Amino acid sequence: MFKNVIVKTPCPSVCDGITSAPELGKPIYEKALEQHASYIEALKKCGVEVTVLPADNNFPDSCFVEDVAVLTRKCAIVTNPGAATRNGETAAIVPVLEKFFAKENIHFIQNPGTLEGGDVMMVGDTFYAGLSARTNEEGIRQFAAILESYGFKCETVSLEKVLHLKTGVNYLENNNMLVSGEFVEKECFNQYNKTQIPENEAYAANCIWVNGTVIVPEGFPAVKAAVESLGYPVLLVDTSEFRKIDGGLSCLSLRF
Ligand code: CIR
């Protein structure tokens, strides 16, 4: 169960966030703010306390707060984002984490290691870490060492096609996992009850489980039906403005 969620308000420069899909156009700031507010409402319905951090216009992608830290039930790991324009985002999260974690349980990924939280998927006490364009081997080595010191396990998953690990694979608890694209055939996920997401709805593989409910992006009927057929109540949130800059539901929060 999660007690807390941290989110960060989108800033006006969100329109200039990094994107792999410029053909979708730039996010409309007012709409992004409205969608973010709906996201917070959905989280609150799942019974978590939401901490809302102020917008920081120096960092266009800073609303994607998931990438700057990995939070576990025993420790917090501040990442070292591999994207140059995002690397400075971590400074603002440290004082917030100090409210929830003792100082000795807050750790840092350091250069030359890079890691972004979107590349980390928690499954019980195992953390899958995606080796990606943003997260490198040294970052995962440091990450694994920290996790192991708390009795957790870390497994590396390499990815080639998508931005982050959780862009294409997400764990919904109860052994259920949503998989799309390059993750469908990965052997390391064979032990889970995998639901394959159709290619035309691949964006919605990024759903989040929050205390028994699954939040699903709006506009992806096959994914909604698949998640419902697994027995979860579903809440829909429109994330169209964040999608324009490669952002999904999980990236917008830290859940712990
Ligand atoms: C980026 O490229 O870093 C942002 N535009 C999107 C980050 C998405 N974060 C995530 O999947 N965890």
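The values are calculated or read from the model by the stated rules, or taken from the named source; none is laboratory data. Bear in mind that the values here come from a model prediction, so they are computed numbers and not experimental data. Every residue, glycine among them, receives a Cβ derived from its backbone with ideal geometry; neighbour counts consider all protein chains shown. The area values use the complete protein model at the heavy-atom level, side chains included, leaving out ligands, DNA and RNA. Shrake-Rupley method; radii C 1.70, N 1.55, O 1.52, S 1.80 Å.
Which of (1) more than 15 Å from the ligand (Cβ to nearest atom); (2) within 30 Å of Ala226 (Cα to Cα) does Leu147 not meet, given it meets every other one?
(2)
In region 54-74, what residues are open to solvent by less than 20 Å² (accessible area, probe 1.4 Å) and more than 16 Å from the ligand (Cβ to nearest atom)?
Kept after step one, since they are open to solvent by less than 20 Å² (accessible area, probe 1.4 Å), are these residues of region 54-74: 61-72.
If the condition is that a residue be open to solvent by less than 20 Å² (accessible area, probe 1.4 Å) and more than 16 Å from the ligand (Cβ to nearest atom), then Thr72 is the only one that fits.
Write out, first by first residue and then by second, each pair whose Cβ atoms fall under 8 Å of each other, whose residues are 6+ apart or on separate chains, and whose first residue, in region 179-197, is more than 18 Å from Lys224 (Cβ to Cβ) while the second is buried (at least 16 other Cβ atoms within 10 Å of the Cβ) and among the hydroxyl-bearing types (Ser, Thr, Tyr).
Close Cβ pairs (under 8 Å, with a partner that is buried (at least 16 other Cβ atoms within 10 Å of the Cβ) and among the hydroxyl-bearing types (Ser, Thr, Tyr)) amount to Cys188/Tyr128; Tyr192/Tyr171.
Listed residues Leu230, Leu235; which is among the hydrophobic types (A, V, I, L, M, F, W, C), within 14 Å of Leu249 (Cα to Cα), open to solvent by 30 Å² or more (accessible area, probe 1.4 Å) and at pLDDT 95 or above?
Details: Leu230 fails: within 14 Å of Leu249 (Cα to Cα).
Result: Leu235 is the single residue among Leu230, Leu235 that is among the hydrophobic types (A, V, I, L, M, F, W, C), within 14 Å of Leu249 (Cα to Cα), open to solvent by 30 Å² or more (accessible area, probe 1.4 Å) and at pLDDT 95 or above.
Among the residues of region 143-173, which ones are open to solvent by 30 Å² or more (accessible area, probe 1.4 Å) and over 15 Å from Asn206 (Cβ atoms)?
Ala145, Glu148, Ser149, Tyr150, Gly151, Lys153, Glu155, Thr156, Ser158, Glu160, Glu173 - these are the residues of region 143-173 that are open to solvent by 30 Å² or more (accessible area, probe 1.4 Å) and over 15 Å from Asn206 (Cβ atoms).
Looking at region 242-256, I want the residues that are at positive phi and have a partner that is open to solvent by 30 Å² or more (accessible area, probe 1.4 Å) and not acidic (Asp, Glu) with Cβ atoms under 6 Å, at least 6 apart or on another chain. Which pairs are those?
What qualifies is Asp246/Thr19; Asp246/Ser20; Asp246/Leu163.
Please state which of the following conditions Trp209 fails to meet, knowing it meets all the rest: (1) more than 19 Å from the chain's Cα centre (by Cα); (2) hydrophobic (A, V, I, L, M, F, W, C); (3) open to solvent by 30 Å² or more (accessible area, probe 1.4 Å).
With (1) more than 19 Å from the chain's Cα centre (by Cα); (2) hydrophobic (A, V, I, L, M, F, W, C); (3) open to solvent by 30 Å² or more (accessible area, probe 1.4 Å) applied to Trp209, the lone miss is (1).
Specify the residue that is farthest from Ser38 (Cα to Cα); the eligible residues are those in region 13-24 that are touching a residue at least 40 places away in the same chain (Cβ under 8 Å) and open to solvent by 70 Å² or more (accessible area, probe 1.4 Å). Give the steps one after another, and end with the answer.
The initial filter retains those residues of region 13-24 that are touching a residue at least 40 places away in the same chain (Cβ under 8 Å), namely 13-21, 24.
Then keep just the ones that are open to solvent by 70 Å² or more (accessible area, probe 1.4 Å); that gives 16, 20, 24.
Values: Asp16: 22, Ser20: 25, Leu24: 22 Å.
So, considering only residues that are touching a residue at least 40 places away in the same chain (Cβ under 8 Å) and open to solvent by 70 Å² or more (accessible area, probe 1.4 Å), the one farthest from Ser38 (Cα to Cα) is Ser20.
For region 79-100, which positions are more than 15 Å from the ligand (Cβ to nearest atom) and buried (at least 19 other Cβ atoms within 10 Å of the Cβ)? Steps first, please.
Our first condition is that a residue be more than 15 Å from the ligand (Cβ to nearest atom); within region 79-100, this holds for 91-92, 94-100.
Within region 79-100, Leu97 is the sole residue that qualifies.
Is region 120-140 home to any residue that is away from the ligand (no atom under 16 Å from the Cβ) and among the aromatic types (Phe, Trp, Tyr)?
no
Please find, within region 30-42, the residue that is surrounded by the most Cβ atoms within 10 Å (Cβ to Cβ) out of those that are touching a residue at least 60 places away in the same chain (Cβ under 8 Å) and farther than 18 Å from Asp67 by Cβ. Before the answer, list the steps.
Pass one, region 30-42, residues touching a residue at least 60 places away in the same chain (Cβ under 8 Å): 31-32, 35-36, 38-39, 42.
Then keep just the ones that are farther than 18 Å from Asp67 by Cβ; that gives 31, 35, 38, 42.
On the way: Lys31: 14, Gln35: 21, Ser38: 16, Ala42: 18.
Looking at residues that are touching a residue at least 60 places away in the same chain (Cβ under 8 Å) and farther than 18 Å from Asp67 by Cβ, I get Gln35.
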